[in-house]
4 protein chains.
Amino acid sequence: MSACYNIQNRLLGDGHFWIVAGPCSVESAEQMERIAQSVARAGGQVLRGGAFKPRTSPHDFQGLGVSGLALLKEAAEKYGLLTVSEVMGSEEIPVVSDFVDILQVGSRNMQNFSLLKQLGKSRKPVLLKRGFSATYHEWLMAAEYILEGGNPEVILCERGIRTFEPSLRNTLDLAAVPYLRTLTHLPIIVDPSHATGLRTLVPALSQAVVAVKADGLMIEIHPDPDSSLSDAAQTLSLEAFEALIPVLKKLGSVLGVKV
Amino acid sequence: MSACYNIQNRLLGDGHFWIVAGPCSVESAEQMERIAQSVARAGGQVLRGGAFKPRTSPHDFQGLGVSGLALLKEAAEKYGLLTVSEVMGSEEIPVVSDFVDILQVGSRNMQNFSLLKQLGKSRKPVLLKRGFSATYHEWLMAAEYILEGGNPEVILCERGIRTFEPSLRNTLDLAAVPYLRTLTHLPIIVDPSHATGLRTLVPALSQAVVAVKADGLMIEIHPDPDSSLSDAAQTLSLEAFEALIPVLKKLGSVLGVKV
Amino acid sequence: MSACYNIQNRLLGDGHFWIVAGPCSVESAEQMERIAQSVARAGGQVLRGGAFKPRTSPHDFQGLGVSGLALLKEAAEKYGLLTVSEVMGSEEIPVVSDFVDILQVGSRNMQNFSLLKQLGKSRKPVLLKRGFSATYHEWLMAAEYILEGGNPEVILCERGIRTFEPSLRNTLDLAAVPYLRTLTHLPIIVDPSHATGLRTLVPALSQAVVAVKADGLMIEIHPDPDSSLSDAAQTLSLEAFEALIPVLKKLGSVLGVKV
Amino acid sequence: MSACYNIQNRLLGDGHFWIVAGPCSVESAEQMERIAQSVARAGGQVLRGGAFKPRTSPHDFQGLGVSGLALLKEAAEKYGLLTVSEVMGSEEIPVVSDFVDILQVGSRNMQNFSLLKQLGKSRKPVLLKRGFSATYHEWLMAAEYILEGGNPEVILCERGIRTFEPSLRNTLDLAAVPYLRTLTHLPIIVDPSHATGLRTLVPALSQAVVAVKADGLMIEIHPDPDSSLSDAAQTLSLEAFEALIPVLKKLGSVLGVKV
């Protein structure tokens, strides 16, 4: 079992399972309002939403920036949710910290050691996504950069690795959860949305996330998935999301996991 | 949902979940007796055991051959179980068919087209393991070689793919199950033993196999795992195996899967 | 340096570099005549051509079989060339041996241990292609199956490995050549056609094959590449092939390699 | 052919081949003096040396920092060489720019978009190493971040990709050179030291780098390789380095490449 974190009076780890949900990109107040309401109704703990977006091409939508963070915070506060959003460089740490409870490091930045060192000096918990081709050892050493800097609250997030399979965006590596349990006390959550890139696969894999007794689920949802400004194909509708959670709760109760 | 096969009065697929268990290699009558008893006690359907073994090195133990098949069959019949064992070349099909109910094609032979064509002429169901670096498309086309030959009963078996991660034997690809559901009616079972190579990970991943609603679980067990002639590190003890099955049954009941 | 083989009075290895060229599939007498003439004119040693073809789908062209082998042999004899063609199963060894000087094991069959064991009893040299996801160790152990059976003449052939890159068919691993030199005396040739799948890349990579001092080059050529029945995109025209060879000879002379 | 850059009166690209050599880490004035002398004697253009080092573990040697940069610059100026060194975060751009002619982005930072955007505003050429699991498309898009920011001089550097092979550090992808020629005008150099991790393989692969007509070679050298503070196994001695260059020049002259 992992350590148990108390983040703003929400327990994570040691049997306390988190639902972290939200859109790929923050788009509008109305979008965030509807999503936050859905997450709260489903019993989720954290609202996610990208404001500074790491995109392969400089010509793709780069996110709303600070105004997106404000929309994220506003919606979360209204429904009593925590917030998480990505910070892409050291220079963004102060501004993102003003709006979110948890700072996210994206997959492409897992070995951005300058950023990791600065996050070691932060007082905010850090959600560290696995590099899409990182070994377990590299991932733990990336966490070590943050821990060694004096920040004890790192949350690992498995989000799929790059393989030769062309049909899916990545290959979700669920063995990471029980294997890392033998090496670290850090809580581990899983993101099946980025791992597959296909929303039809997300419910089954979310069930598997509970089944391997991970500490949480990170999932992309949207009131109108097909109109998402990014990652449309992998985003679940609010209805599908809300239908999934009761199933996860039942599976969790079999295994002693409090979803 | 997959098709439902009736193999010797045992239903597989369409909600009927199989437990296929046994040692990596058939070693002795006493070993097989104890394992078969355990599989039957746990409510399993099929006894597995290798007799013709595909080994990376010609200097490694190559299996007991025909005498191993006889031990497999004897133990299975005593406890009312079906049998499955690997056939490595066309020339072995007749002799293996004399002893087993289901013919297995191993991962390294997934694209042994000569073998697949001959299996298309067999009247025995074929368990087709995924090549350790095969795409979904290649795997389905390998099945197509058997189906096109006139043999309609192919069972797919996900067993992990080769990635860059050095800590584990392979990376289990559970997304294969819900994804292939959208492409094929063939039943899909999952082997977490070969996928990880570490017995401590097998229970959690077996739970995940039920959670993604696969059609069965293939698992290596042994009365004394550390003394196994092959694959010792990934083999579960009979006690651990029998403790796992009731958990799988409970998870299955949440999801409408009859384990 | 590798061992030096004398195959039908043609030296291979220890500085003697082979050009092995021909079509993916044998198609007609006229096609083979034109290709054999081109290979001989360029100073090549071996005519290649597929007759029993391993194809991902059973619905793809499967090769001309025995009549293809006859066309291969006829064209090669007219121009004083050796022949190589693939054998896909043990049952084909006798018939293929009647027509060719060197038996080829394809990438998908590298760990078809039944086939390897039978080839160990053959008196024909064996060209063993690397499995598309085989480690160096597995490749050498596959060769060991043949050597241990009593057949001393194995030729290794690097043909690219499967990676995450979608643009090319495979990733050519030229480091295999100098690295395997430290582990084995077996000659190593390289196939840049299958490794890339794109004919425009073949000349540059063929130059690199000489530069790493491999023992030979295996290359797909055709009088009218775009009309090839298989692998059209990666096949060089006879003109491009014949223009390439003098460049390889000059590079070889710098390095003490007799192209 | 690529574009031709004129960097401090040194031509790169369009047939002008660069030798970029130096130690993994700058260690001392004496070390740098000896290496710079060797690079100049061999006819090289650029002295490399790490001062801010990206290391998997925070407990590994992190480089000498600014004092290392000063040693690099001093040695290079004495022998009329250009300099290149890695910049790991936006905050380091000014200080590294004070000492080097070319700013290097390391493999792990290839998709550090904050850093790339800042480098787009720099007036120094940027050497962009390929991410160890980056596709060609992602690599070109990373370059696009710099180009779009207004910095026209990007040099691509292939340095091996991560595969399943455990024997070598990475798999060198030489097909990248001719393939990218069809997509971009940017010069492409190749680093066989990081690509293999084994110094015995570096000469053969360096020859192959010329053979595919890359625009340059980046190579790790040290007066006493086994005592290197980092990357000892892959570092060539000065003697081996100086013996290699004349061979590269001869190969280049066959192909119209001015080494």
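The values are calculated or read from the model by the stated rules, or taken from the named source; none is laboratory data. Predicted model only: the values in this text are computed from it and were never measured. Heads up, the Cβs are rebuilt from the backbone with ideal geometry, glycines too, and the neighbour counts pull from every protein chain shown. We work out accessible area using only protein heavy atoms, side chains counted, and drop any ligands, DNA or RNA first. Shrake-Rupley method; radii C 1.70, N 1.55, O 1.52, S 1.80 Å.
Scanning chain B for the beta carbon that comes closest to the axis linking it by rotation to C yields B:133, 2, distance in whole angstrom. Across the identical copies, the label point of residue C:9 (7 Å from Cα in the Cβ direction) is separated from its matches by 6.3, 7.1, 9.5 nm, in order from shortest. Are any of the pairs B:129/B:258; B:73/C:121; A:78/A:250; C:78/C:129 more than 25 Å apart by Cα-Cα distance, and if so, which? Cα-Cα > 25 Å for B:73/C:121; A:78/A:250; C:78/C:129; rest within. In this Cβ point-charge picture (+1 for Lys and Arg, -1 for Asp and Glu), the stretch A:1-155 has a dipole of about 140 debye about its Cα centre. When accessible surface is computed with a 1.4 Å probe, chains B and A are found to bury approximately 2800 Å² between them, both chains counted.
Pairwise alpha-carbon distances in the protein assembly as shown exceed 46 Å for 34% of all pairs.
For residue B:240, inter-copy separations between label points set 7 Å beyond Cα along the Cβ vector come to 3.6, 4.3, 5.4 nm, shortest first. Label positions at residue C:167 and residue D:224, each projected 7 Å from the Cα along the C-beta direction, are separated by 4.4 nm. Taking each DSSP H run with n ≥ 4 as -39500 (n - 2.57) and averaging over every residue of chain C yields -10500 deg cm²/dmol at 222 nm. In the elastic network of chain D, a GNM with C-alpha springs shorter than 10 Å, the most mobile of D:57, D:107, D:230 is D:57.
Percent of Cα-Cα pairs per 10 Å bin, from 0 to the last occupied bin, for chain A, please list those. Once binned at 10 Å, the Cα pair distances of chain A give 8, 34, 41, 17, 0. For the stretch A:103-140, run through the trypsin sites (Lys or Arg not before Pro) and keep only the ones in DSSP coil with at most 14 other Cβ atoms within 10 Å of their Cβ. Taking the stretch A:103-140 and a limit of 14 other Cβ atoms within 10 Å, the loop trypsin sites (Lys or Arg not before Pro) found are A:121, A:123. All alpha carbon pair distances within the stretch B:1-86 were sorted into 10 Å bins beginning at 0; the resulting P(r) in whole percents reads 19, 44, 27, 10, 0.
For residue C:124, what charge total do you get from the other residues with a beta carbon under 12 Å from its beta carbon, if Lys and Arg give +1 and Asp and Glu give -1? So the environment of residue C:124 carries a net charge of -1. For the stretch C:115-201, the spread of Cα coordinates along the three principal axes comes to 41, 25, 20 Å, biggest extent given first. Assuming charge only on the beta carbon of Lys and Arg (+1) and of Asp and Glu (-1), the dipole of the stretch D:43-107 about its Cα centre is about 200 debye to the nearest 20.
Would you mind classifying the stretch C:179-259 by shape? Square roots of the alpha carbon gyration tensor eigenvalues, ordered a ≥ b ≥ c; an a/c under 1.5 is rounded, otherwise it is prolate if a/b is larger than b/c and oblate if not. Oblate is the answer for the stretch C:179-259, as a/c is 1.5 or above yet b/c matches or exceeds a/b. Taking the square roots of 5 times each eigenvalue of the Cα gyration tensor of the stretch A:159-208, largest first, gives ellipsoid semi-axes of 21, 13, 8 Å.
Under a Gaussian network description of chain D, with springs only between Cα atoms under 10 Å, the residue in D:33, D:91, D:220 that fluctuates furthest is D:91. Among the DSSP helices (H) of chain B, those spanning at least 24 angstrom by Cα along their long axis with an average Kyte-Doolittle hydropathy of 1.0 or more are B:238-255; this is a geometric and hydropathy rule only. With the cut-off at 24 Å, tell me which of the pairs A:117/D:53; A:124/D:53; A:213/B:213 have Cα atoms farther apart than that. Violating the 24 Å Cα-Cα cut-off are A:124/D:53.
Classify the stretch D:201-241 as rounded, prolate or oblate from the Cα gyration tensor: take a ≥ b ≥ c as the square roots of its eigenvalues, call it rounded if a/c is under 1.5, otherwise prolate when a/b beats b/c and oblate if not. Taking the square roots of the gyration eigenvalues as a ≥ b ≥ c, the stretch D:201-241 is prolate. Based on the Stokes-Einstein relation at 4 °C and a viscosity of 1.567 mPa s, and on the Kirkwood radius from alpha carbon pairs, the stretch A:21-144 is assigned a translational diffusion coefficient of 88 µm²/s. Computed from point charges on the beta carbon alone (+1 for Lys and Arg, -1 for Asp and Glu), the dipole magnitude for the protein assembly as shown about its Cα centre is near 0 Debye.
Taking amide H positions as placed 1.01 Å from N in the peptide plane, with prolines and chain starts having none, which residues 5 or more places from residue D:127, or on another chain, fall under 5 Å of its amide H? Residues meeting the amide H criterion: D:103, D:104, D:105, D:155. Taking chain B as a Gaussian network of alpha-carbon nodes connected by springs under 10 Å, the highest mean-square fluctuation of the residues B:113, B:164, B:52 belongs to B:164.
Diffusion coefficient of the stretch D:92-140 by Stokes-Einstein, Kirkwood radius over Cα pairs, 20 °C, 1.002 mPa s: 190 µm²/s. Seen from residue A:66, the other residues with C-beta closer than 10 Å to its C-beta sum to a net charge of -2, counting Lys and Arg as +1 and Asp and Glu as -1. Inter-part distance, the stretch C:127-204 to the stretch C:1-63, computed on C-alpha centroids, equals 16 Å. Most tightly packed first, judged by the mean number of other beta-carbon atoms within 10 Å of their residues, the peptides D:67-76, B:4-13, A:205-214 read A:205-214, D:67-76, B:4-13. The other copies place their residue D:65 label points at 3.2, 7.0, 7.6 nm from this one, listed shortest first, where each point is 7 Å from Cα along Cα→Cβ.
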